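Bear in mind that the values in this text are calculations on the coordinates, not laboratory data. Worth saying up front: this structure is predicted, and the values here are computed from it rather than measured. As a convention, Cβ positions derive from the backbone with ideal geometry for all residues, glycine included, and neighbour counts pool all protein chains shown.
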Amino acid sequence: MFYFDKSQNLFFSIHIVDYFMLNENLEIDESTTSSYNKKTENEIVSWIKRIEQEDKRIISVPQKGLTDETRKKIEAEKFLDDLSVDIDKTKIWEVEEKISVNIDLTKERTNSGNKKWWKIWK
């Protein structure tokens, strides 16, 4: 999923595997390891917490599967205009080139499965 953080003027993405790193308390689960550095890991956790808390400063970027380049540009411009985003002051979050997340399935997960992303885990 792609998001825009209005408080940081920053576009960022959260991958499904990022959610699997977390336990029910939205903390890094002890059964997971990743190649993210600590700063990146903390940023991801912070964003996921804010998304879960429905922080109004985090905006989901619609993904409409547009294929026509002109339509894509029009949709992108409308999205930016609707949010009053100054593209010259906006940044794009860049994660390390190559990352990995490992989940040890032999360890007991601390998640009870009541988070929406855990539906595919069951």
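Look through the range 34-47, keep the residues that are touching an Asp or Glu at 6+ places or on another chain (Cβ under 8 Å) and surrounded by 14 or more Cβ atoms within 10 Å (Cβ to Cβ), and return whichever of them is nearest to SER84 (Cα to Cα). Please lay out each step first, then the result.
Applying the first criterion (touching an Asp or Glu at 6+ places or on another chain (Cβ under 8 Å)) to the range 34-47 yields 34-37, 40, 44-45, 47.
Subsequent filtering for residues that are surrounded by 14 or more Cβ atoms within 10 Å (Cβ to Cβ) retains 34, 36, 40, 44-45, 47.
On the way: SER34: 36, TYR36: 32, THR40: 27, ILE44: 25, VAL45: 26, TRP47: 21 Å.
Per the criteria, the residue is TRP47.
I'd like to verify a number: residues in the range 9-49 that are part of a helix (DSSP H, G or I) and closer than 19 Å to GLU94 by Cα, how many?
Our first condition is that a residue be part of a helix (DSSP H, G or I); within the range 9-49, this holds for 16-20, 38-49.
Okay, now just the ones that are also closer than 19 Å to GLU94 by Cα, so 16-19, 38-48.
Residues in the range 9-49 being part of a helix (DSSP H, G or I) and closer than 19 Å to GLU94 by Cα: 15 in total.
Quick check on my filter: what residues within the range 50-60 are outside any loop (DSSP other than H, G, I, E, B) and of a type outside the set (Ser, Thr, Tyr)?
Looking only at the range 50-60, we keep the residues that are outside any loop (DSSP other than H, G, I, E, B), and these are 50-52, 58-60.
ARG50, ILE51, GLU52, ILE58, ILE59 - these are the residues of the range 50-60 that are outside any loop (DSSP other than H, G, I, E, B) and of a type outside the set (Ser, Thr, Tyr).
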